[in-house]
Amino acid sequence: MRVVSLVPSATETLLALGVTPVACTRFCEQPGIPTVGGTKNPDLEAIVGLAPDLVVVNDEENRREDADALVAAGLELHSMSPRSVADVWPAVAALAAAAGAAAHAEPEPADAEPADAEPMVRRRCVVFVWRRPWMALAADTYAASLLALLGCDQVPFGSDGDRYPEVDLGVVAAAAPELILLPDEPYAFTERHRVEVAAAVPAADVSLVDGRDLFWWGVRTPAALERLRAMLA
C-alpha cells in the first residue's frame, strides 16, 4: 500500500511493521523518506498528488481542518490516538491491519515491572510541554500513563478535560512537586531552561528528558519505558 504518515510515532511504527511510507512529515526524523510539510501545516496538494491508499493522522499532532480537506479530496484516513500505555498495542494492531502489514507479534506487556526492581516510591510530578506560556501535562495523556507506571503522578492543574493546561511557575512552586521533567519536544527545553525552572521551584528535582521517549507511542514504548525507568531511578 501507498501510505502517507503525518504522525512521527506512527511513521516509526510503520517502518518497524515493514511498511515504508511514501511520505511523512519533517518532524518524523526519517531522512530517507520524502516529506510533505509539518504535522500542523502539511502540504495537502503534495499529499493528494502522491495518490496514497492511506493517510495516517492523529487528533493531537494534526489539525481537523487538514484531515477534513484530505477526506474531501477522496483520500482514506486512519486515525490513532492512544491515551494510555494500555491503548498502544491495540492501536499498533489496528495500524498494521489498515496499512496491510504482516501479522505483528505483540511484545511483552510494557507495564510489567522488572522482578529485580526496587520497591516503587511514588512522586508528584510536573511535565512541561511548552514555554511562553508555560503548559503542563495532565493525567489524561499517554505520557502521563507511561510515567504513572514509573511512580510519577501528574500534579493536577487547570480544569477537567484540559489535557495541556497553562500554568504559572509560581503556582507550580506552591503545588510542591517532587519532580519536574523538561522534554526536548514539542518545546526544545535545554539546560538554561532547567536552571530557570530549578530556581523558580527549588524544592523539586528538575531534569531534562527525551521527548520522543515520553510522547512517541508505538513500537518505541517498551524500550522507552526502560530508558525512563533507568533515568528516574
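The values are calculated or read from the model by the stated rules, or taken from the named source; none is laboratory data. These figures come from a predicted structure and were not determined experimentally. Using ideal geometry, Cβ is built from the backbone for each residue, glycine included, and neighbour counts are taken over all protein chains shown.
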Kindly indicate which of 222, 156 is assigned to a loop (DSSP other than H, G, I, E, B), touching a residue at least 12 places away in the same chain (Cβ under 8 Å) and not assigned by TED's automatic domain parsing to the domain that holds residue 61.
156
I'd like to check something: does the stretch 153-167 contain any residue that is β-branched (Val, Ile, Thr) and more than 16 Å from the chain's Cα centre (by Cα)?
yes
Which numbered condition residue 93 fails, given (1) among the small types (Gly, Ala, Ser); (2) modelled with pLDDT of 95 or more; (3) under 21 Å from the mean Cα position of the chain (by Cα):
(2)
